[in-house]
Amino acid sequence: MSPVWAIGGGTAAGKSTVARILREKGIEVWELDKLSRELSKKGGPLWKSIVKTFGPQFLTEKGELDRTKLGKMVFRDWENLFNLNSVTHPVLLQEVRKKLASVPPSRIVAIEGAVLFEAGFEPLWDKLIFVEADEAIREKRLLKTTGLKAREIRDRLRLQRFLNCLKRRADFILKNEGSLEELEETIEDWLEELK
């Protein structure tokens, strides 16, 4: 199997930015959020699991998942989030395993996602990059980019209970509180070290 790097960290820590930089360096990157959206399209495996678990009231008139409505419900309540994760994580893990089976062993694949630990991805990765930023910085980033209210943001951040478990397993902790140039430089130094 090809070497797998995991890119984890809290919401708005900068995982997607790190993924983009690695992609620019020629590393194949799979984003779990993007994969989840594909599998959640009408009739897809995640769509079926979510509708079966939560009912058709989370569908739009066209039969697509109403992600905003679902998000508001699950991020208010730990039990609802747990139920959502218990039906979506196994499907995501199975899909990634399937995809990895077709990747040449010489190619590095990086998997970026917020739920790496909770979804059981640990046996798949060879290296874990943990992207870290102070909670106040992450809150500010989310206020700027999501249109969510401050209370909704705090609820989402509060529900990320496994960040310390993930951080303890990290091979490389990447502080992302400065400029993009500083982040790129740190990643380049780390890649150089790996060589």
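Quick note: the coordinates plus some simple rules give every number you see, no bench work behind them. If you're wondering where the values come from, they're calculated on a predicted model, not measured in any experiment. Note that we place each Cβ from the backbone using ideal geometry, even for glycine, and neighbour counts take in every protein chain shown.
Couple of notes before you dig in:
- Taking 0.36 nm per residue of separation and subtracting the Cα-Cα distance, full extension of the segment from Arg37 to Trp190 would add 52.0 nm.
- The listed peptides 148-154, 40-46, ordered by packing as a protection proxy, come out as 40-46, 148-154 (highest mean of other Cβ atoms within 10 Å first).
- Charge dipole (segment 4-194, unit charges on Cβ, about Cα centre) - positive-most of Gly44, Pro123, Ala19: Gly44
- Each Lys or Arg adds one and each Asp or Glu subtracts one; over the other residues with Cβ under 10 Å from the Cβ of Val18, this totals +1.
- Note on Lys140: aspartates and glutamates with a C-alpha under 16 Å away, same-chain residues under 8 apart excluded, are Glu132, Glu152, Asp155, Glu177.
- With a Förster radius of 30 Å applied to the beta-carbon distance between Glu177 and Glu24, the computed FRET efficiency rounds to 0.90.
- Cβ-Cβ FRET estimate between Asp66 and Arg169, R0 fixed at 41 Å, reported to 0.05: 0.75
- Helical content alone sets the calculated 222 nm signal of the chain at -16000 deg cm²/dmol, taking -39,500 (n - 2.57) per DSSP H segment of four or more residues and averaging over every residue.
- Estimated dipole of segment 54-116 in Debye, rounded to 20 [Cβ of Lys and Arg +1, of Asp and Glu -1, Cα centre]: 240
- DSSP-defined antiparallel bridges as percent of all bridges, the chain, nearest 5: 5
- R0 of 30 Å, Cβ-Cβ distance Met1-Ser86: FRET efficiency to nearest 0.05: 0.70
- Gyration tensor (alpha-carbon) shape descriptor, the chain, a/c threshold 1.5: oblate
- Most positive-pole-ward Cα, Leu92, Val109, Ala133, against dipole of segment 4-194 from beta carbon charges: Leu92
- Order by protection proxy (mean Cβ within 10 Å, highest first), peptides 115-125, 182-192, 67-77: 115-125, 67-77, 182-192
- Dipole in debye (nearest 20) - segment 4-194, about Cα centre, beta carbon charges: Lys, Arg +1; Asp, Glu -1: 1100
- Packing-based ranking, highest mean first, of 81-87, 91-97, 128-134 given that Cβ atoms within 10 Å are counted: 128-134, 91-97, 81-87
- Entry note, the chain: relative contact order of 37 percent, from Cα contacts under 8 Å with a spacing of 6+ residues.
- Bridging of Lys127 to lysines at a Cα separation below 27 Å is possible for Lys15, Lys25, Lys34, Lys98, Lys99, Lys167, Lys175, Lys195, once same-chain residues fewer than 8 apart are set aside.
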